[in-house]
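The values are calculated or read from the model by the stated rules, or taken from the named source; none is laboratory data. Only a predicted model underlies this, so the values are computations on that prediction, with no experimental measurement involved. Here the Cβ positions follow ideal geometry from the backbone for every residue, glycine too, while neighbour counts run over all protein chains shown.
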Amino acid sequence: MGAQMVRGLFINLDRMPGRRQRIEAEIQRFGLSEGYTRLSAIDGNAVVGGANAGAVGCFLSHLKAVETARRLGGIVHILEDDAILSARLKDFLGSPSCAAALDRFDLVFLDMWVRPDEKSVRRYQEAQRQAGDGLFLMDLRAMKVTSADSYLVGPRSVDKVAGLLAAEAAAGPRGAVDSLISKMVSTGRLTAAVVVPFLTCVDIETGIRSSVQAMSRGVP
């Protein structure tokens, strides 16, 4: 599979042009511009307002991204505009391992917040050991999904993922998108893994100022 067969969608609020410029520069830096396009985020303030606006807007934006991925077909990389990319990302997207990962799992995350408890740290350390000089897919079935900043969805599972998120939206999102995905993984409705070592991460300076993520995590 060639790298250009993996499409990318980066989520960005219309009122955040500086963040758009930052993520576009990051994508261009690694030669991925041809395959990545902007997805206009849903502003939660225009939907519900109040303290939960960020979480709702973030959830609905990811639903919009997954539904767009379904229309695009193939493997799609969905990322938020505070992502930092690894030099190893492009090679992975163009490798047979990428397609194989989406044959095994409904969602493949490219980074994750590591919970600071001993069990979680040990799991990640063991995954790093198994990866060696390569990459390892760590099953998230017994772990918390603690970020939805950067992940892959493929043609085998995109209908299922979109359907589950749409059903949640119809009922009224009851939490942050990563927490809801985590519940779906823990109950077996979705399967998910994270690539270790991570192939993306969050720009801390940008991320802490995110109007979407800050409100969804309860940060002032």
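Of all residues in region 22-51, those satisfying the criterion of being within 26 Å of A176 (Cβ to Cβ) and either at pLDDT 95 or above or in contact with a Pro (Cβ under 6 Å, 6 or more places away or on another chain) (or both) are R22, I23, E24, E26, I27, Y36, T37, R38, L39, S40, A41. Any residue that is of a type in the set (G, A, S), surrounded by 15 or more Cβ atoms within 10 Å (Cβ to Cβ) and over 18 Å from the mean Cα position of the chain (by Cα) - is there at least one of those in region 57-80? So far as region 57-80 goes, no, none of its residues is of a type in the set (G, A, S), surrounded by 15 or more Cβ atoms within 10 Å (Cβ to Cβ) and over 18 Å from the mean Cα position of the chain (by Cα). Taking region 116-156, which residues are of a type in the set (A, V, I, L, M) and either touching a His at 6+ places or on another chain (Cβ under 6 Å) or in contact (Cβ under 8 Å) with a residue 60 or more places away in the chain (or both)? If the condition is that a residue be of a type in the set (A, V, I, L, M) and either touching a His at 6+ places or on another chain (Cβ under 6 Å) or in contact (Cβ under 8 Å) with a residue 60 or more places away in the chain (or both), then A127, A131, L135, A148, L152, V153 are the ones that fit. Considering region 136-179, and only residues there that are closer than 24 Å to R71 by Cα and in contact with a Lys or Arg (Cβ under 7 Å, 6 or more places away or on another chain), the residue that is surrounded by the most Cβ atoms within 10 Å (Cβ to Cβ) turns out to be V158. Within the option set A3, A100, A83, being out of contact with any strand residue (DSSP E or B) (no Cβ under 7 Å at 6 or more places or on another chain), at pLDDT 95 or above and closer than 27 Å to D159 by Cα holds for one residue only, A100.
Which of the residues spanning region 19-48 are more than 17 Å from A65 (Cβ to Cβ) and in contact with a helix residue (DSSP H, G or I) (Cβ under 9 Å, 6 or more places away or on another chain)?
Hits for region 19-48 are R22, F30, G31, S33, E34, N45, A46, V48.
Being under 17 Å from T200 (Cβ atoms), among the charged types (D, E, K, R), under 20 Å from the mean Cα position of the chain (by Cα) and surrounded by fewer than 16 Cβ atoms within 10 Å (Cβ to Cβ) is a property that holds for D91.
Summed over region 94-103, the residues that are exposed (fewer than 15 other Cβ atoms within 10 Å of the Cβ) and not small (G, A, S) give a count of 2.
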